[in-house]
1. Defining a contact as two alpha carbons under 8 Å apart and six or more residues distant in sequence, what relative contact order in percent does segment 1-41 show?
2. What do you get for GluC sites (Glu not before Pro) in segment 149-180 restricted to DSSP loop and a cutoff of at most 14 other Cβ within 10 Å of the site's Cβ?
3. Any chance you could give the angle, 0 to 90 degrees and rounded to 10, that helix 95-105 forms with the longest Cα principal axis of the chain?
4. Students often check this: by mean Cβ neighbours within 10 Å, which of 218-229, 79-90, 52-63 ranks highest, and how do the rest follow?
5. Report the relative contact order of segment 57-238, percent, no decimals, based on alpha-carbon pairs under 8 angstrom and at least 6 residues apart.
6. Each label point is 7 Å from the Cα along the Cα-to-Cβ direction; what then is the distance between the points at Tyr221 and Ala10, in nm?
7. Which angle between 0 and 90 degrees, to the nearest 10, do you get for helix 59-72 versus the longest principal axis of the chain when only C-alpha atoms count?
8. Of the peptides 8-15, 201-208, how do they stack up when ordered by the mean number of other Cβ atoms within 10 Å, highest first?
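Every number here is computed from the coordinates shown, using simple stated rules; none is lab data. All values reported here derive from a predicted model rather than from experimental measurement. With ideal geometry, Cβ positions are generated from the backbone for all residues, glycine too; neighbour counts draw on all protein chains shown.
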Amino acid sequence: MSDDYKLETAIWHEIPNEENAFQADQCFCFGYNLFDDLLNNAKWIDYLFLLISSRRPSRKESILLEKLAIVLANPGIRELSVRASMNAGVAKAPSASVLIAALSVGSGQFCGARELSLTMDLWRRNIRLAQIDLSFAESEEKGIWPVIEHIPGFDPHSIKSAKSVEDCLKGLLEYSSGEHLKWLADQKPKLELESKSALSLIGVLAAAFCDLNLTGEQCEYLFLMLRLPGAAAHAMEQKYLGWRKFPFFADTVTLENPPKKKPLPDIEALVRGYLNEPK
């Protein structure tokens with residue numbers, strides 16, 4: 001094959017089959033043989049970390065990412081991306097459409113992947129400062145995103161963190177060898193006082209992702225992928241329960257010009273007519 005038609009990648013290498021060049025005899029991911037090294041020795045979470053970051057995780061990083069995966073696997077029915085998948089599911093949309101709905105809503109600046117990345121930037125800047133600075137100026141290369149309307153990592157509708165947020169911070173701190181979760185736990189009262197709002201779950205997750213020594217972009221991808229199991233589960237459940245048990249359709253969907261009800265036929269007249277018909 002000409003070099004003009006070869007893909008350039010440092011991630012993946014294949015040794016083709018001699019009889020069929022479209023099939024691979026051996027596959028390597030960053031030098032690790034997929035079916036010899038990884039299949040026999042790696043955990044799924046280690047392989048995921050390797051694919052995203054190009055490096056093998058440490059034991060602590062592997063455990064922390066696995067715990068993050070548990071937290072993220074089902075954001076719950078109050079979460080907007082799960083609600084999007086439930087709407088798609090109850091409407092009997094294809095599986096791919098259900099997941100696309102969850103990804104689209106879960107990618108944004110309110111409890112989404114974009115807010116996660118912005119919060120990671122905020123924590124990394126503040127941990128180097130002698131005092132808390134929550135002033136926030138987005139980069140000029142923000143692209144499609146509008147100006148964010150709240151301080152990343154905080155819930156603008158609350159002044160006291162939910163118990164689930166505090167439990168998550170305490171739980172993840174136990175599995176981290178980094179400095180960001182510890183810093184966040186120590187500074188939480190001061191941060192909430194300065195922001196006049198409660199630390200959100202995104203704020204805790206951002207600190208945990210910082211402790212994995214990954215970039216904001218890498219963590220956005222992980223965040224989005226790890227949230228899909230719950231979206232799929234709730235979508236399937238609502239599909240089989242049906243739209244009549246889904247409260248957001250029956251109460252809000254009305255027809256401006258509903259079809260007129262047809263009068264019921266006179267069954268007795270129909271029967272008499274049938275009996276009197278000549279055979």
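1. Across segment 1-41, relative contact order equals 28 percent.
2. Values: sites: Glu149, Glu166, Glu174, Glu179; in loops: Glu149, Glu174, Glu179.
Within segment 149-180, the qualifying GluC sites (Glu not before Pro) (loop, at most 14 other Cβ atoms within 10 Å) are Glu149, Glu174, Glu179.
3. Approximately 60 degrees, to the nearest ten.
4. Working: 218-229: 19.2, 79-90: 22.3, 52-63: 16.1.
Highest-to-lowest ranking by the protection proxy: 79-90, 218-229, 52-63.
5. 39 percent
6. My value for the distance between the label points is 1.3 nm.
7. Relative to the chain, helix 59-72 is tipped by roughly 20 degrees.
8. Ranking the peptides 8-15, 201-208 by packing returns 201-208, 8-15.
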